[in-house]
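All remarks here apply to the structure that follows.
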Amino acid sequence: MEHKIEANPDYSILSVKVPSGEKLMVEASSMASMTSNMKMKTKLAGGFSRFLTKESVFINEFTAGESRDGEISIAPGLNGDIQHHELTGNEKFYLTASCFLASESSVTYNTKFQGLAKGFFSGESFFLMEMSGVGSLWFNYYGGIFSVDVVGEYVVDTGHIVAFTEGLDYDISHIGGYKSLFFSGEGFVCRFSGQGKVWIQTKNSMALVGWADQFRRIEKKGKGVSFD
Amino acid sequence: MQFDFIHKPCNTAVKITLQAGETCTTEAGSMIAMDSHLNVDTSTHKRGKRGILKSLKRMFAGESFFLNHYTANTESELWVSNPHPGDMIKVDLLGEKLIVQAGSFVACDENIDINTGWQGFKSLLSGESFFWLSLSGQGQVVLNSFGAIYEIDVDGEYIVDTGHIVAFEESLSFSLSKAGSSWIQSWLGGEGIICKIKGKGKLYCQSHNLMEFGKSLTPHLLPKVRG
């Protein structure tokens with residue numbers, strides 16, 4: 001499908017031209033605007049497994065009706081980058097939780113359990129989304145996204161992995177000696193090995209949330225917050 | 001050592017390409033990705049040197065107690081970013097001293113000396129930190145900010161709102177003043193105290209103020225309940 005991504009990476013918005021009769025799967029509550037012939041159907045896609053990957057349990061299916069082409073603009077809740085990836089059918093593609101934005105209906109997904117250690121220390125969820133099939137896939141995250149071609153080994157800080165291709169796997173380890181583990185401020189890192197491509201985000205929304213904590217009001221127990 | 005910035009100015013990250021034998025020093029916790037064969041060492045001061053006192057002082061300047069040193073055996077890359085949205089710039093130092101606002105230091109090469117400076121009690125009122133970092137030597141420094149960074153060549157006098165200074169050359173000095181013709185006007189205009197920069201040299205400012213952004217979030221955040 002013909003598409004363009006504008007205003008990236010800060011306030012990315014994706015617009016896709018949907019040919020007549022074709023379908024586009026879009027993450028719930030991400031539609032910003034569309035032509036009037038686009039028909040929406042909400043589906044309980046994947047059921048419980050989508051809940052595990054921090055995605056909405058519901059996915060919206062947009063169909064271009066009235067025998068003409070439609071156009072839809074999609075913007076995720078978090079301001080950040082959107083990337084496009086074309087699946088060719090003979091590879092699998094892994095997305096970390098809550099990165100899915102949209103895909104053609106020919107793309108299928110599974111939920112993959114990462115293992116306890118990875119889920120706990122990677123700064124990501126316990127589950128990955130395993131995408132397969134043929135067609136376009138769009139994913140988004142907070143901050144800018146860049147990709148690195150990995151041959152051999154590569155280190156990515158926890159909480160910064162967005163997606164990676166089949167052929168890569170990662171382990172939780174640390175950089176430097178034990179002094180670095182405790183004092184470097186990096187703590188654990190994800191060490192990728194194999195051959196493939198990994199997408200990394202430049203910023204971390206959780207770090208911003210953690211910083212914003214100091215600006216919360218303090219309320220005494222039993223007394224409501226007064227707004228006067 | 002080569003610095004390539006991407007996604008400026010809001011979601012900036014920098015790719016640092018190290019040649020064999022080069023060492024890059026970064027603020028603790030700022031690495032986002034790297035080649036796995038980079039050697040990492042964590043210390044309180046320069047690589048291989050101790051300096052607890054310097055480190056303690058640096059902590060007062062809003063920086064991390066520990067610094068990480070990345071050394072390359074072969075050509076390697078290191079990606080560095082700050083978790084907050086904002087800009088990053090590279091400054092080349094040719095022996096002059098650069099005074100840097102608390103929390104704005106990200107990385108430098110091994111020829112830079114990191115010290116903590118004192119700008120007097122006026123710092124408290126200026127909306128900046130009590131202590132400032134002073135970077136000296138001949139080499140490259142990477143700074144970060146909240147919002148975009150812009151550069152001003154000061155010759156004579158220049159006015160900057162409090163909380164917008166990122167860094168300035170040591171040849172400049174600053175004093176506090178009121179923005180309007182009277183204190184009442186200054187306060188009503190929401191500008192309050194301003195910084196007057198004097199001298200000749202480079203001044204780096206940030207377009208947005210992190211504390212102002214934080215305060216604007218307050219009404220939308222859930223309150224903390226204390227018993």
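Each reported figure results from applying straightforward, stated rules to the coordinates on display, with no laboratory input. Please read all numbers here as calculations on a predicted model, not as lab measurements. Glycine gets a Cβ as well: all are built from the backbone with ideal geometry, and neighbour counts include every protein chain shown.
Does anything in segment A:8-31 have its amide N under 15 Å from the 7 Å Cα→Cβ label point of B:SER216, and if so which residues? What the label zone holds, given the 15 Å backbone N cut-off, is no residue at all. Per-residue shielding of A:153-160, expressed as the average number of other chain Cβ atoms within 10 Å of the residue Cβ, stands at 5.
Can you give the FRET efficiency to the nearest 0.05 for A:MET206 and B:LYS178, using r as the Cβ-Cβ distance and R₀ = 30 Å? Kindly include the intermediate steps, with their values, before the conclusion.
Working: r = 40 Å, r/R0 = 1.34.
Working from the Cβ atoms, E equals 0.15.
With R₀ fixed at 25 Å, the C-beta to C-beta distance from B:ILE152 to A:ASP10 puts the FRET efficiency at about 0.55.
Here segment B:148-168 is scanned for amide nitrogen atoms under 12 Å from the site 7 Å beyond the Cα of B:LYS202 along Cα-to-Cβ, giving B:150-154, B:167-168.
Averaged across the residues of A:145-151, what count of C-beta atoms belonging to other chains lies within 10 Å of each residue's C-beta? Walk me through the intermediate numbers first.
Numbers: counts 4, 8, 0, 6, 0, 2, 0.
For this peptide, the per-residue mean of nearby foreign Cβ atoms is 3.
Counting every other Cβ atom within 10 Å of each residue's Cβ, B:PHE5, B:PHE168, A:PHE146 order from fewest to most as B:PHE5, A:PHE146, B:PHE168.
For A:GLU219 and A:MET1, FRET efficiency with R0 = 60 Å and r from the beta-carbon atoms, rounded to 0.05?
Working: r = 50 Å, r/R0 = 0.83.
For R0 = 60 Å, the calculated efficiency reads 0.75.
Residues in segment A:95-116 near a label at A:GLU71, defined as backbone nitrogen under 20 Å from the 7 Å Cα→Cβ point? Those under the cut-off are A:102-104.
Enter the mean number of other protein chain beta carbons within 10 Å of the beta carbon of each residue in A:186-197, as an integer.
Numbers: counts 10, 1, 0, 6, 1, 1, 2, 1, 0, 0, 0, 0.
Neighbouring Cβ atoms belonging to other protein chains average 2 per residue here.
With the simple spin-label model, which puts each label point 7 Å out from Cα in the Cβ direction, the A:LEU168 to B:SER36 separation comes to 1.2 nm.
Derived scalar couplings between HN and Hα for segment B:85-99 equal x, x, 8, 9, 9, 10, 10, 8, 9, 10, x, 7, 9, 10, 9 Hz in order, rounded to whole Hz, by the Karplus curve 6.51 cos²θ - 1.76 cosθ + 1.60 (θ = phi - 60°), x for Gly and Pro.
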